[in-house]
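Structure, as structure tokens:
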Amino acid sequence: MNKILKKYNTSFILLSVIAALVVGILSPQIFESINFLGDLFINLLKLFALPLISSALLSSLGEMGGSLTKLKNLARNTVIYMLVSEIAAVAIAMFLFNTFKPGVGLDSSLILQGKPSTPSNEHELHISDFIISIIPHNIFESLSKFDLLPVVFFSIMFGVACNIIGSKSKPVVELAASVREISTKCLHGVMLFAPIGIFVLVGAGVSQSYLNGNLQSNLLALLNFVLVLCAGLFLHGLWQLVCVMILSKQKLFDILKKSLPVFSTAFGTSSSVATLPVAMEAANQLKSKPMVTRFMLPLSASINVGGMMMYEVAAALFFSQMLGFDLTLEKQLLLAIACILGGMAEGGIPESSMVSLVVVFKIVNIPISAISILLPLDRIIDRLRTMVNIFGNMCGVIIVSHLTDTDNEHRS
């Protein structure tokens with residue numbers, strides 16, 4: 001039975017998504033009694049995700065040996081790629097929404113609700129607050145709160161220290177490597193129950209939207225927004241896919257076939273972190289270097305969420321157009337920077353963009369009530385964003401693998 005589940009797990013996941021769509025519309029009330037199964041599945045994924053992230057970073061850094069040349073080159077290429085990816089994401093959103101202007105001409109009373117939109121600088125984004133937020137005063141508190149960036153920061157510093165110390169840190173590095181393997185095995189076991197968890201998660205989102213009385217009107221009002229956003233997400237994933245095809249010399253069909261479990265898991269869980277073990281396995285199958293995979297993918301899952309950043313820029317521009325705001329290029333660039341920083345701080349967990357939108361909307365003086373219009377569709381849009389995020393991160397690992405000569409650096 002276990003072998004059958006492993007062999008046909010991807011097919012079962014796809015069938016569960018289709019079944020969730022059908023049942024969510026025909027019998028939405030059924031998910032009220034089984035909704036806890038979706039939460040249970042997410043909790044199980046999160047339970048082993050943080051140990052995997054921390055141990056993978058620590059062990060990969062510690063296993064690099066005494067020379068830091070490898071670390072410097074790998075870290076440099078990783079940071080460059082993530083910055084390029086994030087800038088590309090917000091640039092695509094700015095180009096599309098300034099070109100097609102899907103928000104122009106829509107009824108602004110939909111979000112104003114009879115109240116004027118007044119300027120407010122109450123929630124300005126300060127770089128100092130962002131920096132402080134990623135440096136924990138208590139790593140165990142960060143672990144208990146599932147704060148990813150502080151955990152990533154601590155793991156990197158601890159791993160670098162192990163690398164510098166050398167042989168004396170070997171027991172710690174070996175322990176981290178063991179925790180990494182055990183966490184991966186546990187997550188693979190959890191993924192055997194993915195079809196059930198994904199059926200409940202997707203079905204609950206569909207049923208909630210279906211039972212919402214204004215779903216149809218919201219769909220009509222947001223149709224242009226969704227189409228333009230999806231075009232942006234497609235373009236963002238496309239340029240990364242093309243880079244992988246060129247550098248790794250792999251065929252399009254082979255890449256997409258091996259990425260199918262990543263797409264299905266990301267769509268079902270709506271979490272880059274939860275999809276991490278599947279993405280790591282797929283990246284290794286697509287000719288990435290294991291060391292680059294272990295170092296870059298956990299870090300990217302927490303920071304490089306271009307789909308979320310694109311979504312926030314798109315939403316801000318869309319509602320600004322609806323309200324008749326004429327945002328200058330300078331204001332849009334500040335908005336883009338805020339979305340990049342906000343996206344980095346939120347991490348790869350489901351629906352965290354709702355928190356960032358509060359900050360982003362305040363920057364351009366959009367009423368926070370506008371978020372309520374996005375809520376009915378956010379569950380589905382969030383899944384599409386997550387698919388692009390984790391696929392882009394996986395492509396980044398493959399690209400950096402081909403740009404970083406880790407073997408020669410290790411011998412040096």
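Among the residues in the range 15-38, are any modelled with pLDDT of 80 or more, surrounded by fewer than 22 Cβ atoms within 10 Å (Cβ to Cβ) and among the charged types (D, E, K, R)?
no
Within the range 369-396, restricting attention to residues that are at pLDDT below 75 and either touching a Leu at 6+ places or on another chain (Cβ under 9 Å) or buried (at least 23 other Cβ atoms within 10 Å of the Cβ) (or both), which residue is nearest to LEU201 (Cα to Cα)?
Among those residues, the one meeting the criterion is ARG379.
Could you check the range 132-190 and list, in sequence order, the residues that are in a helix (DSSP H, G or I), free of Cβ contacts under 8 Å to residues at least 24 places away in the same chain, under 25 Å from the mean Cα position of the chain (by Cα) and within 21 Å of ALA75 (Cα to Cα)?
PRO150, PHE153, MET157
Answer yes or no: is there a residue in the range 295-309 that is modelled with pLDDT of 90 or more and not in a helix (DSSP H, G or I).
No; the residues of the range 295-309 include none that is modelled with pLDDT of 90 or more and not in a helix (DSSP H, G or I).
Could you give me the residue pairs with C-beta distances under 6 Å whose first residue belongs to the range 33-57 and is over 19 Å from VAL179 (Cα atoms), whose second residue is buried (at least 22 other Cβ atoms within 10 Å of the Cβ) and modelled with pLDDT of 80 or more wherever it lies, and which are 6+ apart or on separate chains?
Correct list of pairs: ILE34/VAL200; LEU37/VAL200; GLY38/GLY197; GLY38/VAL200; PHE41/GLY197.
The values are calculated or read from the model by the stated rules, or taken from the named source; none is laboratory data. These numbers come from a predicted model, not from an experiment. Counting neighbours? That spans all protein chains shown, and the Cβs are built from the backbone with ideal geometry, glycine included.
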